[in-house]
Each structure stands twice: as structure tokens, then as C-alpha cells.
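Data first, discussion second: the structure below is written as C-alpha cells.
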Amino acid sequence: MATHKLLLLPGDGIGPEVMGEVKRLIDWLNSAGIAKFETDTGLVGGAAYDANKVSISEGDMAKAKDADAVIFGAVGGPKWDAVPYEVRPEAGLLRLRKDLGLFANLRPAVCYPALADASSLKREAVEGLDIVIVRELTGGVYFGEPKTITDLGNGQKRAIDTQVYDTYEIERIARVAFDLAKKRRNKVTSMEKRNVMKSGVLWNEVVTQVHKREYADVTLEHQLADSGGMMLVKWPKQFDVIVTDNLFGDMLSDIAAMLTGSLGMLPSASLGEVDVKSKKRKALYEPVHGSAPDIAGKGLANPIAMISSFGMALRYSFDMGALADKVDQAIAAVLASGLRTADIKSEGTTAASTTQMGEAILKELQKLHA
């Protein structure tokens, strides 16, 4: 049995709490002989700044590059609002994405049947929802240069962020979306703002070319990103795979998160290029929910997004799709039993702490393997 190297980066806020539930799952998989994971733990974000005055140390970056996958918790919080911009907690995550070449961010939005009433939308709009947003992660306005704030005098300043994309960046993210759609419902919706942005014109043109040249058997539709946001809350089940740039992907995936009832439910995967020789790719898996400092240390955090993110690692990094399916089934079974963390609690359900939810999911997974 192959040994897979994982780097765990719990980070800040509720990160260590939800990571603890993933560690519990990994330990059981190892002890039961189902898989063989070798884990190491590092610091990132505010925790790294407190220890080393950086958002991630060179040593932990080296560990990340050496790992088969990075499992990431969350970073940030008011405690670090005043630290220099270049060492802010979020800089650690941005560096991991950039240095590992993680250009493709996969954000599923799945509405479990038991949680259809937890969404802010009507049950009929979200019940059975299963979509994936594929967000380009290393280009666009977050990384474009120039990126400056200039003092113009007389109390005036000018801020500049540059939206920039090259053809190859759009081609490779489009391929990820089309390949994913072929394993799902065979439909891709590309979203940009070609009506007002030159980068949107190029995005539309390149995605169309890749489709015609390589994926003509997949259904492709184009939609303006603002209209796409509206449709996500009007009729989300019309979509299968949505592919979009860094900025729009950031916003649209958070909209999609609330369709599921809570940010605490959403996992994500950030993937790099497949290495031609090893056939492996760098990857980082993280929940979408952030560090939630207001509930940190209180046992209130929902570990489902973190556990689901590990499930995505099983699927995309380790070719353990059947095991990933069982993780999803275990989560669904626990939710169907009525167990709920505070963020998804509703009348008639049973309150659970972070640890209780994690333990219940593990017990269900153990039953599936019995």
C-alpha cells in the first residue's frame, strides 16, 4: 500500500478545531489499514506570524512542496488587522497557491436533502442541488501588476489593481472545467464580463476555442457574471460546472455557499498542473468558511466542510473515489439523523458540538466499512 504524505496547516480561529476532526478520520483510516497517510503539521497565517513574524515560514513552504497534498484550515482574524500587508495572514494562503502553482479552485455546492430547509431559498429551488464552480486562482486582478496606492496630494489617493489574463491561463482552467463536466452532467457555463472588460472578451474567445477544438461533445454556454450571480439565487439547478476568473469566482462561490444553508458546509480543492512524469499534481484542500474568530474555541464550529475537503483530497489526489463517496454518504446519514451544529440548527433537530459532529460522521463511515 502506497504511503501518502500530508501536510496539515490548521491555521487560525476555528481552523485547529475542524482540523482535529480530520486528523481523527486520518488516524482511523491508518489504524484500520484502509489507507496509509504520513502527516506533518505546520503553521500558517496569524499563527505563523505570532511565531515567526511571517505568514508562512520557508521551512513549512518546503514541507508543502514535498507533500502529496496540503490540508488547510483557515487564516485571519481581528488580532492581526494591524500587521504589515505583506505578512498578513491571508498572504500565507496566497503564497501557497502561487508557489505550488494551484491555478484551479474547485468549489462544490451540494445541498443535502436533510438541509434543504436550512437554505435561505425555497426548498424546491435547492433540494438536490449539485454544482461545481471552477475558479481560476493564480491570475487576474488579485495578482496583476501594477498594484499600487499612490498619494496624489491634496488629500487624494489613487488605488490601482490590474486585471490581466494570458491565453494559456484561460485554456488550462477551461480544460479543468470541461474534464470535470464530462464526469458529471456534461455542461459548462463560462462566466465573465465581456460587455465591459477586455479580459472578458479574451476569456470568452479562448473558452469557445478550447471547446470547439477539444470538447465539442460537452455543452457550453456563456453568461455575464452579474447575470450568473442573479441566476444562482433564482434557479441554481440549471447549472452543472461554472468556470470563471479569480475575482468573479471568489464572489460567485460565496453566493453558492449560502444556497447550501451555511458556509460551514462548503469544501474546496485547489489543483496544479499534472506532472508529465509522475502523473501527480500539487494540491491544497480547504473549507470555504474562514476562521470565524467569534466562535473559535467554543466547540461550535461545523467540521463538515473540513471533512468534505479531505474527501476531495481522497478523490482528486489519491484516486480513492469510492472512499470519498463513503465520506459523503456518512455526512448525509448524520444530517438525516437530525444532528446539527449551531450554524445549521433548526427546530426539531439535535444540537452537536464540533467534536460530536466529527465523531458521528466517523461512526457512520465505520459502519459503511464494517
Practice task
Return P(r) of the chain (all Cα-Cα pairs; 20 Å bins starting at 0; whole %; ordered from short to long distances).
Solution key: 29, 60, 12, 0
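Which of rounded, prolate or oblate describes region 1-50 when judged by the alpha-carbon gyration tensor and an a/c cut-off of 1.5? Don't skip to the answer; put the middle values down first.
Working: a/c = 5.06, a/b = 2.02, b/c = 2.51.
The shape class here is oblate.
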Problem - Ranked by how many other beta carbons lie within 10 Å on average, peptides 152-165, 98-111 from highest - result: 98-111, 152-165
Handout entry: Surface share of carbon and sulfur [accessible, 1.4 angstrom probe, percent] for the chain
Key = 53
Problem - Shape metrics for region 131-288, restricted to C-alpha atoms - Rg then Dmax, Å - result: 16.9, 59
Fill in the blank from the handout: By the mean-Cβ-within-10 Å protection proxy, highest first, 64-76, 37-49, 198-210 rank as 64-76, 37-49, 198-210
Exercise for the section: Compute the relative contact order of the chain as a whole-number percentage, counting only Cα pairs closer than 8 Å that sit 6 or more residues apart in sequence. Expected result: 20
Practice task
Could you pull the accessible area for Y168 with a 1.4 Å probe, rounded to 10 Å²?
Solution key: 120
Problem - Per residue solvent-accessible surface (Å²) - the chain, probe of 1.4 Å - result: 44
Completion exercise
The alpha-carbon center of region 189-264 and that of region 60-90 are separated, in whole Å, by 28
Problem - Flagged links, alpha-carbon separation over 32 Å, of K147/K193; K53/K298; K234/K345; K98/K277; K212/K279; K5/K237 - result: K5/K237
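The values are calculated or read from the model by the stated rules, or taken from the named source; none is laboratory data. Fair warning: this is a prediction, and the values are worked out from it, not measured in the lab. Neighbour counts are summed over all protein chains in view; Cβ atoms, including those assigned to glycine, are modelled from backbone coordinates with ideal geometry. Quick note on the areas: whole protein, heavy atoms, side chains included, nothing else; ligands and nucleic acids left out. Shrake-Rupley method; radii C 1.70, N 1.55, O 1.52, S 1.80 Å.
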